[in-house]
Amino acid sequence: MNALTKRGLALVCAAAMLSTGTSAFAAEESSSGIAVQLDGQTLSFTDVVPEVKDARTFLPFRAVFEAMGAQVSYSASNQTVTAVRDGTTVTMALGGTTATVERDGVTSTITMDVAPYAHDNRTFVPVRFAAQAFGCTVGWDQDDQTVILIDTEKLIEDTLSKYKFTYLDQYTQYSQKFNTGIWDFDAQLNGSLTMMGSDPLTLTGTGEGTVADAMKMAMDLGIKLDLKAFMESLNELSGMGATEWTTEDLALLNDLKTNGINIQLRGDMEEGKLYFTADSQLLEMSGLPADTWYSMDLGALYGSMGMDYTSLISASMDMDYTTLIPMLLSVGEEPTDCTSAYSDLATAVNLVAGLFCDDAFTANGDDRVLHYVFNQDGVNAVFTFTLHLKDDAVTGYDLSVTCDVEDEQAPVSLTLEAGMDAKDQMTASFTLDSGETMAMEMTLTGGYTKGSTAPVTEPPAGATVEELVDTTTAVTP
């Protein structure tokens, strides 16, 4: 499957759920030196050139960042370099492997695998961090020994300015209403799973709770599983013969079918605090004590993995078309051909913008419909997104996605139907069929109603609370 096909399929899947990687950037030293290309143009270095050190490419800080339009300064007293551009401030210290990025008032600390250094009165910084700190795509052309830098943020901003996104803006405003105030919700789930022609595993689930400002929550979830026939048929299909159940096994299977697993969730996602407790014979057999709440510090957990939890939460709350398009473009390989890298990405940005702009929607009464058919390399997909409007405001939506992958070894067919009506009631169904290997069906119904009582976000007073994950021992990638 080529890169264009991967991007096209990713567009369908990512849109249905409505940057580049941080792997180390290595380069090989060349007798002719290393070239640096920014937005398709080769940069000129008058008195200092890029260097390779410890199998990493380093760029002269001032020359590259000024070429990106940043204001650069150096503090001799604490040996730090700073670059400022469009509300983003990047600060690095010579010899240090941590750097700070302040964007729109939010400061995050990032760990680098190599440190900036000084040479011939010039500061050199690792190319990948230097570029990605300002939202640039980074690549390497081995044949031409060229670092490829593309100012993706600027390219996307310039491209979006050529289009109108009225309908996506209206949809964003509609979806944001659930992020403000108190909302009660309820949901019902039904599903089944078969594998290699087995009897189905069936499940039913319920959920109800309250969410305040999309961050504070209290939920009660219940899931019942009917596993017995499914496991017996799998054993027979695999040649293991009839299943021999112990008394304890049968008691557990009956409990999962009759009582299920009941979970209580409470938390404040803005603070990164999540608590849960569960009632199930399965958990008791696993040695987890009853009547115990377990806590997770999501901020510390994400931090231990080198990720800024605050920025992620902020981005999820501010999702709109200006963030959707970069997300779709993040799918794909890093550029490796300096002769076509910029023009290829510019074409992709323009293509994605054109897919979701106002001109891409067609009118059907008060509805606005986005419809695409994708057929390439054995992938056949149909995507339809319908916005229901009243007085220039979205009152609901319907989403339909079908995708078939023609593969003799592993054919796959999936469908997704989802929608929300004017009364904030939702329906969703999902099917996946991979021939004799696996088949799955899921349906979800429920909805939201305006609430009046804020959720309790912590365990009851006096409850036993244990930390589920020890973030002090988590490994940073």
task: Take the cross-link list Lys177/Lys273; Lys177/Lys257; Lys390/Lys450; Lys164/Lys450; Lys228/Lys450 and give me the ones stretching past 30 Å between alpha-carbons.
output: Lys177/Lys257; Lys164/Lys450; Lys228/Lys450
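Stretch Asp184-Lys257 to full length: gain in nm at 0.36 nm per residue minus the Cα-Cα span?
23.5 nm
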- prompt: Hey, can you rank 117-123, 146-152, 192-198 by average C-beta count inside 10 Å, highest first?
  reply: 146-152, 192-198, 117-123
- line: Rounded to the nearest 0.05, FRET efficiency between Glu333 and Ser161 (Cβ-Cβ, R0 41 Å) equals 0.90
message: Can you give me the Kirkwood hydrodynamic radius for segment 99-174, using every pair of distinct Cα atoms, in Å to one decimal?
response: 15.7 Å
Peptides 183-190, 101-108 ordered by average Cβ neighbours within 10 Å, highest first: 183-190, 101-108
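Any idea what diffusion coefficient segment 385-477 gets from Stokes-Einstein, in µm²/s, Kirkwood Rh on alpha carbon pairs, 4 °C, 1.567 mPa s? Display every interim value, and only then the final one.
Values: Rh = 18.3 Å.
Using the Kirkwood radius from Cα pairs, D works out to 71 µm²/s.
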- request: Mind giving me the FRET efficiency for Met438 and Thr246? R0 is 25 Å, r the Cβ-Cβ distance, nearest 0.05 is fine.
  value: 0.35
√(5λ) per eigenvalue of the Cα gyration tensor, segment 163-242, largest first, Å: 42, 19, 8
message: Give me the three principal axis extents of segment 150-302 from the C-alpha atoms, as integers in angstrom, largest value leading.
response: 66, 39, 31
- prompt: Could you list log10 I(q)/I(0) for segment 177-216 at q = 0.18, 0.26, 0.27 Å⁻¹, which the Debye formula gives when each Cα is one point scatterer?
  reply: -0.61, -0.83, -0.86
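All of the numbers you see were taken from the coordinates with simple rules; none came from a lab. Since this is a predicted model, take the numbers as computed values, not measurements. We place every Cβ from the backbone using ideal geometry, glycine too, and count neighbours over all the protein chains shown.
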